[in-house]
Amino acid sequence: MNWGILALAGLLEVAWAIGLKYTEGFTRLWPSVWTILSMMLSFGLLGVAMKSLPVGTAYAVWVGIGAIGTALLGILLFGEPAHFARLFSLLLIFAGIVGLKLTT
């Protein structure tokens, strides 16, 4: 159950990271509200997941999900480069997340 909560926290991290782009420096009301709510929910769920998961594992997985999701959405939404090296690096982060899950 806590792994699912952690995954949701990571997806909300993606939401607030992408949301930051749309806030335009927190000058737009609704994107700013969504981003702040996503931040609070993401941190809150991370805290819940850490009740039973090791702190290092939980934090690394949360950041990894956020990094992969944000980078992929940056490619899809904002036309950021999708070079082989970048995609391979994201694959390595994913492998690290899987490794942490398997060893916890």
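Averaged per residue, what accessible area in Å² does the chain show with a 1.4 Å probe, protein chains only?
Ligands and nucleic acids excluded, the figure is 60 Å² per residue.
With an 8 Å cut-off on Cα pairs and a minimum separation of 6 or more residues, tell me the relative contact order of the chain in percent.
Computed over the chain, the figure is 33 percent.
With a 1.4 Å probe and every protein chain kept in, tell me what percent of the accessible surface of the chain is carbon plus sulfur.
Ligands and nucleic acids excluded, carbon and sulfur give 77 percent.
For the chain, build the charge dipole from Cβ charges (+1 Lys, Arg; -1 Asp, Glu) around the Cα centre, then report which of Met1, Pro81, Ile36 sits farthest towards its positive end.
The listed residue farthest towards the positive side: Met1.
Considering the chain as a Gaussian network with a 10 Å cut-off on Cα pairs, which listed residue, Gly69, Gly47, Gly79, attains the greatest mean-square fluctuation?
Among Gly69, Gly47, Gly79, the largest GNM mean-square fluctuation belongs to Gly79.
To the nearest 10 square angstrom, what accessible area does Ile97 show with a 1.4 Å probe?
Rounded to the nearest 10, the figure is 30 Å².
Please identify, among Phe84, Phe43, Phe26, the residue showing maximal mean-square fluctuation in a Gaussian network model of the chain using a 10 angstrom Cα cutoff.
Among Phe84, Phe43, Phe26, the largest mean-square fluctuation in the Gaussian network model of the chain belongs to Phe84.
Quick check: residue separation of Leu76 and Phe26 times 0.36 nm, minus the Cα distance between them. What number comes out in nm?
Result: 15.7 nm gained on full extension.
Quick one: check the C-alpha center-to-center distance for the stretch 61-104 versus the stretch 27-50, whole angstrom.
Measuring centre to centre over Cα atoms gives 21 Å.
The values are calculated or read from the model by the stated rules, or taken from the named source; none is laboratory data. This structure is a prediction, so every number in the text was calculated from the model and none was measured. Glycine gets a Cβ as well: all are built from the backbone with ideal geometry, and neighbour counts include every protein chain shown. Quick note on the areas: whole protein, heavy atoms, side chains included, nothing else; ligands and nucleic acids left out. Shrake-Rupley method; radii C 1.70, N 1.55, O 1.52, S 1.80 Å.
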